[in-house]
Amino acid sequence: MNRIPRDFYERARIPFACEETVRDDATPPERWMQQIWRHQRIHRDRLQTLDGRPVQVLHPGFWNREAGPDFRDAVIRIGDDPAKRGDIELDRSVGGWRSHHHEGNPAYAGVILHVVWTAPSATLAPPVLSLRPVLDSPLGELSAWLEREAPGILPGNLPGSCCAPLRELPPEAFVEIVTQAARTRLRLRAEGFAVRALKAGWDQSLWEGLVGALGYKHNVWPMRRLAELTGWDAEVPAIPVPEESVAHWEARLMGIAGLLPLELPRGDARLAVRRLWDLWWRERDAWEDRILPAFLWKTGGVRPANHPQRRIILAARWRAAGSPASGLETWLMETGTRAAWVSRLRTLLSPPPIPGDYWLRHATLRSRASPRPMPLLGATRLAELALNVALPWLHARASAGEHPAGIDEIERRYFLWPPAGDNAQLRLARQRLFGGDPGPAFNTGACQQGIHQILRDFCHHAGPLCDECRFPRLVRSHIPAQVPSPSPAAPVPDPPVSQT
């Protein structure tokens, strides 16, 4: 077998098209603009239309791979107008609106914002926003990330071209590839925290990461917006309250989220809602222009334990306890077994019990009481927070020289962390990479992270038919050559019998 080089994965994941330097003043292809908008790689506090009105992105929308606008179901607020729900269209120039025949096309009637790369100042309909002046990093630095970012949606019933070579790959070689992919994912997440910390500070970047991770795939953006509004870097109105308590933060975050019922429900929830409103009504006017519209939140198809009301309560209790940054840094310096690390982090991120806590047995402000206690932070969510937020944030701190513990210790915990729960992406991986077979056991959280990174770098980018995907060919290059077995010796003929 050809030994897997230490930089195999990093070299494999970078497309040949990204090896050339991209000038910062270049005009990017539209697919790059889509990724910039999708991941909001922009200074969100500097956005404004070409006619000078400020823009707040409450939700960037869902990427549309079919005909029609590039993003569906976005929520934005322009100037002093109420938040509006609609579509986002991206073009390289303002003229694309007409040249692409969007004007008068019913499919584009719901567009509420036209996002372009650059344009002269003008008052246009729909409102126009220019991306180039508000990038969070120079285009030259973003180019490789933009090119390799996962842009596809794949059918879950189509095995990938790498199924066959992966079956022939020795187990130790597969483990090495997944380990390198996991290390890449850790580094990329750490870089994201470092970029955000430059603008908002380390405590705020951690807060946004933790709260955003509570949103799951459906509510990441409203949760991140809530974190932006209520974090340590936010402009919190000076509100005269006798004491900042857990209850104040619960009422504040639930009120800003727009998720407090306007009418008192029946049953156990009635008293809980009344207590929240008793505190929120004193502050509501001060937050009026920043309250999120209720329709921003996705609740359909969400398990009760993952309902945004319940996750906001957990975030409120974190906020009331103060920044967890110093606690995380202390946790990293502590020694012990893997079980001790996990237990200590659970304690750090689990709010202390509250006597008569409504949320101990209720999932929402309308749900019936559960016969069994329901912890606000379960094992699966703890693993997600550790792998996607806590350890990458600490990695970013260590890389910036802000933490005495070395990167080696962070990576050691990362690669030993227990696995999180199964999910749709891991099921997709089993289909794409292993043809539906169980495949190698995803027995650590880092292994799961590596599989996610392989999906992002290769499977999603390649399309359903694996067109132009380099991964199968690279895997084949490390399959040990089969040594042909020797051919059986030809039979030796009997010597001729002499005729005497």
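The values are calculated or read from the model by the stated rules, or taken from the named source; none is laboratory data. What you see is a predicted model, and the numbers here were worked out from it, not measured in a lab. All Cβ positions, glycine included, derive from the backbone under ideal geometry; neighbour counts span all protein chains shown. These area figures cover heavy atoms from the full protein model, side chains too; ligands, DNA and RNA do not enter into them. Shrake-Rupley method; radii C 1.70, N 1.55, O 1.52, S 1.80 Å.
Structure data summary
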{"item": "In the stretch 26-80, residue modelled with the highest pLDDT [restricted to those that are of a type in the set (G, A, S) and part of a loop (DSSP other than H, G, I, E, B)]", "result": "G79"}
{"item": "Only one of L259, L264 that is in a loop (DSSP other than H, G, I, E, B), on the phi < 0 side of the Ramachandran plot, touching a helix residue (DSSP H, G or I) at 6+ places or on another chain (Cβ under 6 Å) and open to solvent by 30 Å² or more (accessible area, probe 1.4 Å)", "result": "L264"}
{"item": "Residue within the stretch 275-287 that is more than 30 Å from P54 (Cα to Cα), modelled with pLDDT of 90 or more and touching a helix residue (DSSP H, G or I) at 6+ places or on another chain (Cβ under 6 Å) present", "result": "yes"}
{"item": "Within the stretch 294-304, tally of residues that are open to solvent by less than 30 Å² (accessible area, probe 1.4 Å) and either hydroxyl-bearing (S, T, Y) or in a helix (DSSP H, G or I) (or both)", "result": "1"}
{"item": "Considering residues of the stretch 87-112 that are of a type in the set (D, E, K, R) and part of a loop (DSSP other than H, G, I, E, B) only, the residue farthest from R65 (Cα to Cα)", "result": "E103"}
{"item": "Of residues in the stretch 324-355 being at pLDDT below 90, touching a Leu at 6+ places or on another chain (Cβ under 9 Å) and not aliphatic (A, V, I, L, M), the one most open to solvent (accessible area, probe 1.4 Å)", "result": "P353"}
{"item": "Residues that are more than 16 Å from I36 (Cβ to Cβ) and at pLDDT below 85, drawn from the stretch 127-152", "result": "G152"}
{"item": "Filter pass, R372 being of a type in the set (K, R), over 25 Å from the mean Cα position of the chain (by Cα) and at pLDDT 90 or above", "result": "yes"}
{"item": "Checklist (1) surrounded by fewer than 17 Cβ atoms within 10 Å (Cβ to Cβ); (2) at pLDDT 95 or above; (3) small (G, A, S) applied to A315, failing item", "result": "(1)"}
{"item": "In the stretch 380-412, residue surrounded by the most Cβ atoms within 10 Å (Cβ to Cβ) [restricted to those that are free of Cβ contacts under 8 Å to residues at least 40 places away in the same chain and aliphatic (A, V, I, L, M)]", "result": "A398"}
{"item": "Long-range neighbours under 9 Å by Cβ, at least six apart or interchain, first residue farther than 30 Å from L433 by Cβ within the stretch 134-156, second modelled with pLDDT under 60", "result": "G140/T21"}
{"item": "Residue count for the stretch 356-378, restricted to those that are open to solvent by 50 Å² or more (accessible area, probe 1.4 Å) and either touching a residue at least 12 places away in the same chain (Cβ under 8 Å) or farther than 21 Å from A321 by Cα (or both)", "result": "9"}
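Residues checked against (1) at pLDDT 85 or above; (2) over 22 Å from V211 (Cα atoms); (3) in a loop (DSSP other than H, G, I, E, B):
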{"site": "V389", "(1), (2), (3)": "yes, no, no"}
{"site": "E411", "(1), (2), (3)": "yes, yes, no"}
{"site": "P419", "(1), (2), (3)": "yes, no, yes"}
{"site": "R432", "(1), (2), (3)": "no, yes, no"}
{"site": "P438", "(1), (2), (3)": "no, yes, yes"}
{"site": "L465", "(1), (2), (3)": "no, yes, yes"}
